[in-house]
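Colleague: Supplied in structure tokens, the structure appears directly below.
The values are calculated or read from the model by the stated rules, or taken from the named source; none is laboratory data. Just so it is clear, the structure is predicted and the values come from calculations on it, not from any experiment. Cβ coordinates were reconstructed from backbone atoms using ideal geometry, including for glycine residues, and neighbour counts include every protein chain displayed.
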Amino acid sequence: MTAVIILLVVVAVVVLFVISIYNSLIKLRNQVKNAWSQIDVQLKRRHDLIPNLLETVKGYMKHERDIMENITKYRSQAMDAGTVGEKAQAEGLLSGALGQLRIQVENYPDLKANQNFLALQEELTSTENKISFARQGYNDQVLFYNNKIQMFPSNIIAGMFNFKEEEFFEVEDEKEREVPKVDFTGESQK
Amino acid sequence: MWELIQANKRRSIFLFFSLGITLLLLGYLLGSAYFPDGGGFLGLFFALIIWGILSLVGYFKGSKIMLAVSGAKEVTKEVHPQLFNIVEEMKISASLPKMPKVYIINSPAPNAFATGIKPEESAVAVTAGLLARLNRDELQGVIAHEVSHIVNRDVLFMTFAGIMLGSIVLIANVFLRGLWFTGGGRYSSRSSGSGGGQAQLIIMIVAIAFAILSPLLAQLLYFAISRKREYLADASAVRYTRYPEGLASALEKISDSSVDLKTANKVTAPMYIINPLKPKGRKLSNLTSTHPPITERVRILRGISGGANFVDYQNAFNKIKRSKSPIIPASGLTDKTPIGLKDILIAPTALGLDKKTKRKMGDIMMKVNEYSFINCKCGLKIKVPPDYKKESLFCPRCGRQHRI
């Protein structure tokens, strides 16, 4: 009789333990999802702003066809991207192309004075800032979640219920910050 | 983050209690001065009631009063899209649960403050002078500083400390004025006994002295609480923006201005990003200032190297101040995850108030007051006051007709 009671108590403790770990995993996964939606809102906003921007810029910047084509290309890539990793890469390229556009704008004083353009540029800058601030929060949540999935004993429960690790949203910094280099060596050789 | 708030609270609690004891002592002494037989506790009781009523008012209406007293006006995104965007960026970065309301103060003096007992119901107010002078990065630094006052619960603390200061000033003033009008007649009629009269006289003198001194003492304590919190807010601002230069250069520009904010007073002063009541041409002594010296704050911000974490700020602080006093509570320093600094991209703009800045400032003020703007094809910007009733107007320069 006592053996049965002890067995029942042990089973009850184990079940409670599994439930609590399962719940904490669900909670962490939802936090990751929530953090991702914060980024996603801003990414969508950026995709929406780009056609307007290109439309405004088109009339002024006749010589920057390449940059504008790149922006269009990377935008559609980013919109089609499936996984977080692919998305991060495409968004990184898009940021780079937009950065180049921003540098070229300096050569077009008329464009810089255009109210419509200024308003769009402000929205775009702000959206990019929001993406980068939200990225920090998202990556923190992913770190908590992945740690829980990998660590004992929660890794056993995660394996049983098929919890999968999430990807970090990492933009390649080198590409994002790429500034066109001016090469003077060619000229001096002439 | 929560531990950090706790540690911050604990640190200020000693000063906060000193304020409370000053208030109670004042009540007790004044009570005993008026009624020798057990009047001390009556005075104590009255002091507590006054403090209690003011605290309730402060808790429920504090933000509204603060905003009303400063003359701030709530604005929509159309009035200043950039300001709205920046506040939203900082909301994301500081993970505030809700977007703070945005207010603009119609004043040429550059300054800003935050209110909100709870992070769910907060507001940020900036002056038109600030918006006109600062570039985007600088404005971001200022807003980050204000938002961190909300996140660190500084607003809550300063509201209640301010209320205690207010109660002390109020009670002391009522007592001293009452003394003036009754001419001490009450006291002379009561001091008929010889020995008791002697003791009563001493209590009276002590009470008068304390009534004169306690508001000053309370003010010094209040300012001490305020000063401690500015460094932490600066450090948090760096963490949120990852760009110390923005705040540093904003502080420089703000302190460079010679315009005073007329709507600020002694109690509301610590809420602002820099002390709005600084006297001209004289360096403030440490005890009577609500904020640490700006030059020092700027030097610490510029001394940050390596990252935007609290540890980096503390290191810069130690280096500049040549001291090891912990500005950031220990729990904030354990998190060593590197947060990279943003690269400096934008060249600093010139100091001072040129014609263009003045015009920009005027435009912001007009927008806050619901003026509408029409850009005429001839390049003229027509500003239409809200009480203009007609349906169209003619451009004063080229004569084109515009619909409103």
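Colleague: In the range A:142-185, which residues are basic (Lys, Arg) and at pLDDT below 85? Lay out the reasoning, then the answer.
Modeller: Restricting attention to the range A:142-185, the residues satisfying the condition of being basic (Lys, Arg) are A:148, A:164, A:175, A:177, A:181.
If the condition is that a residue be basic (Lys, Arg) and at pLDDT below 85, then A:Lys175, A:Arg177, A:Lys181 are the ones that fit.
Colleague: Residues A:Glu106, A:Glu86, A:Glu91, A:Glu69: which one is away from chain B (no Cβ under 14 Å), of a type in the set (Asp, Glu) and over 21 Å from the mean Cα position of the chain (by Cα)?
Modeller: Exactly one residue qualifies, and that residue is A:Glu69.
Colleague: Hey, does the range B:303-315 have a residue that's closer than 22 Å to B:Met158 by Cβ and either at pLDDT 75 or above or among the aromatic types (Phe, Trp, Tyr) (or both)?
Modeller: Quick first cut of the range B:303-315, residues closer than 22 Å to B:Met158 by Cβ only: B:310, B:313.
The next check asks that each one be either at pLDDT 75 or above or among the aromatic types (Phe, Trp, Tyr) (or both); those that pass are B:310, B:313.
Yes, the range B:303-315 contains at least one residue that is closer than 22 Å to B:Met158 by Cβ and either at pLDDT 75 or above or among the aromatic types (Phe, Trp, Tyr) (or both).
Colleague: Between a residue in the range B:222-234 that is in the same structural domain as B:Phe310 (by TED's automatic domain parsing) and within 22 Å of B:Gly246 (Cβ to Cβ) and any residue that is among the acidic types (Asp, Glu) and in a helix (DSSP H, G or I), which pairs come within a Cβ distance under 7 Å, given they are 6 or more apart or on different chains?
Modeller: Correct list of pairs: B:Arg229/B:Asp154; B:Ala233/B:Asp154.
Colleague: From A:Ala81, A:Ala90, grab the single residue that is crowded, with 19+ Cβ neighbours inside 10 Å, in contact with a Lys or Arg (Cβ under 9 Å, 6 or more places away or on another chain) and without any contact (Cβ under 8 Å) to a residue 40 or more places away in the chain.
Modeller: Of A:Ala81, A:Ala90, the one residue that is crowded, with 19+ Cβ neighbours inside 10 Å, in contact with a Lys or Arg (Cβ under 9 Å, 6 or more places away or on another chain) and without any contact (Cβ under 8 Å) to a residue 40 or more places away in the chain is A:Ala90.
Colleague: Restricting to the range B:114-132, give me the number of residues that are touching a Ser or Thr at 6+ places or on another chain (Cβ under 7 Å) and either surrounded by 21 or more Cβ atoms within 10 Å (Cβ to Cβ) or outside any loop (DSSP other than H, G, I, E, B) (or both).
Modeller: Qualifying residue count for the region: 10.
Colleague: While we're on this one: Give me the residue from the range B:133-160 that is over 17 Å from B:Pro276 (Cβ atoms) and aliphatic (A, V, I, L, M) and, out of that set, surrounded by the most Cβ atoms within 10 Å (Cβ to Cβ).
Modeller: B:Ile143
Colleague: Which pairs have Cβ atoms under 6 Å, sit 6 or more apart or on different chains, and link a residue in the range A:7-19 that is in contact (Cβ under 8 Å) with a residue 40 or more places away in the chain to one that is in a helix (DSSP H, G or I) and surrounded by 10 or more Cβ atoms within 10 Å (Cβ to Cβ)?
Modeller: A:Val18/A:Ile157
Colleague: Can you tell me which residue is modelled with the highest pLDDT among those in the range B:226-284 that are part of a helix (DSSP H, G or I) and more than 20 Å from B:Val147 (Cβ to Cβ)? I'd like the intermediate steps shown before the answer.
Modeller: The first filter runs over the range B:226-284 and keeps only residues part of a helix (DSSP H, G or I), leaving B:226-241, B:244-256, B:269-271.
Now drop any that are not more than 20 Å from B:Val147 (Cβ to Cβ), which leaves B:252, B:255-256.
Values: B:Glu252: 86, B:Ser255: 80, B:Asp256: 75.
This residue is B:Glu252.
Colleague: From the residues in the range B:385-401 that are at pLDDT 80 or above and closer than 22 Å to A:Asn116 by Cβ, which one is farthest from the other protein chains (Cβ to nearest Cβ)?
Modeller: By that ranking, first place goes to B:Cys398.
Colleague: Identify all residues within the range A:103-161 that are touching a residue at least 12 places away in the same chain (Cβ under 8 Å), over 27 Å from A:Leu28 (Cβ atoms) and not β-branched (Val, Ile, Thr); write none if there are none.
Modeller: If the condition is that a residue be touching a residue at least 12 places away in the same chain (Cβ under 8 Å), over 27 Å from A:Leu28 (Cβ atoms) and not β-branched (Val, Ile, Thr), then A:Gln104, A:Tyr108, A:Asp110, A:Leu111, A:Asn114, A:Asn116, A:Phe117, A:Leu120, A:Gln121, A:Glu123, A:Leu124, A:Glu128 are the ones that fit.
Colleague: For the range A:1-47, what are the residues that are farther than 30 Å from A:Phe161 by Cβ and surrounded by fewer than 12 Cβ atoms within 10 Å (Cβ to Cβ)?
Modeller: Selection gives A:Met1, A:Thr2, A:Ala3.
Colleague: Would you check if there is a residue in the range B:190-200 being among the aliphatic types (A, V, I, L, M), in the same structural domain as B:Arg299 (by TED's automatic domain parsing) and at pLDDT 75 or above? Break it down stepwise before answering.
Modeller: Quick first cut of the range B:190-200, residues among the aliphatic types (A, V, I, L, M) only: B:199.
Next, from what is left, pick out any that are in the same structural domain as B:Arg299 (by TED's automatic domain parsing): B:199.
Subsequent filtering for residues that are at pLDDT 75 or above retains B:199.
Yes: one or more hits.
Colleague: Quick one: B:Lys118 ticks every box in (1) within 14 Å of chain A (Cβ to nearest Cβ); (2) more than 24 Å from B:Leu261 (Cβ to Cβ); (3) without any contact (Cβ under 8 Å) to a residue 60 or more places away in the chain bar one, so which box is it?
Modeller: Of everything listed in (1) within 14 Å of chain A (Cβ to nearest Cβ); (2) more than 24 Å from B:Leu261 (Cβ to Cβ); (3) without any contact (Cβ under 8 Å) to a residue 60 or more places away in the chain, B:Lys118 misses just condition (1).
Colleague: Restricting attention to the range B:70-110, and to residues there that are at the interface with another protein chain (Cβ under 10 Å from one of its Cβ atoms) and assigned to a loop (DSSP other than H, G, I, E, B), which single residue is surrounded by the fewest Cβ atoms within 10 Å (Cβ to Cβ)?
Modeller: B:Ser95
Colleague: If you go through the range B:18-69 one residue at a time, how many are buried (at least 19 other Cβ atoms within 10 Å of the Cβ), among the hydrophobic types (A, V, I, L, M, F, W, C) and under 19 Å from the mean Cα position of the chain (by Cα)?
Modeller: 3
Colleague: Applying the selection to the range A:140-163, what residues are surrounded by fewer than 18 Cβ atoms within 10 Å (Cβ to Cβ) and within 14 Å of another protein chain (Cβ to nearest Cβ)?
Modeller: Answer for the range A:140-163, where residues must be surrounded by fewer than 18 Cβ atoms within 10 Å (Cβ to Cβ) and within 14 Å of another protein chain (Cβ to nearest Cβ): A:Asp140, A:Leu143, A:Phe144, A:Asn147.
Colleague: Could you figure out which of (1) at pLDDT 90 or above; (2) within 14 Å of chain B (Cβ to nearest Cβ) isn't true of A:Ala35?
Modeller: Result: A:Ala35 fails condition (1) only.
Colleague: Taking B:Ile105, is it over 24 Å from A:Leu118 (Cβ atoms), in the same structural domain as B:Ala144 (by TED's automatic domain parsing), free of Cβ contacts under 8 Å to residues at least 12 places away in the same chain and in contact with a helix residue (DSSP H, G or I) (Cβ under 9 Å, 6 or more places away or on another chain)? It would help to see each step written out before you state the result.
Modeller: Working: over 24 Å from A:Leu118 (Cβ atoms): yes; in the same structural domain as B:Ala144 (by TED's automatic domain parsing): yes; free of Cβ contacts under 8 Å to residues at least 12 places away in the same chain: no; in contact with a helix residue (DSSP H, G or I) (Cβ under 9 Å, 6 or more places away or on another chain): yes.
When the stated conditions are applied, B:Ile105 does not pass them.
Colleague: Please verify whether B:Ala47 is more than 14 Å from every other protein chain (Cβ to nearest Cβ), within 18 Å of B:Leu179 (Cα to Cα), out of contact with any Asp or Glu (no Cβ under 9 Å at 6 or more places or on another chain) and at pLDDT below 85, treating the condition exactly as stated.
Modeller: Numbers: more than 14 Å from every other protein chain (Cβ to nearest Cβ): yes; within 18 Å of B:Leu179 (Cα to Cα): yes; out of contact with any Asp or Glu (no Cβ under 9 Å at 6 or more places or on another chain): yes; at pLDDT below 85: no.
In short, no.
Colleague: Exactly one of these conditions fails for A:Gln115: (1) under 25 Å from the mean Cα position of the chain (by Cα); (2) within 10 Å of chain B (Cβ to nearest Cβ). Give me its number.
Modeller: Of everything listed in (1) under 25 Å from the mean Cα position of the chain (by Cα); (2) within 10 Å of chain B (Cβ to nearest Cβ), A:Gln115 misses just condition (1).
Colleague: Of all residues in the range A:57-66, count the ones that are of a type outside the set (D, E, K, R) and surrounded by fewer than 18 Cβ atoms within 10 Å (Cβ to Cβ).
Modeller: 3
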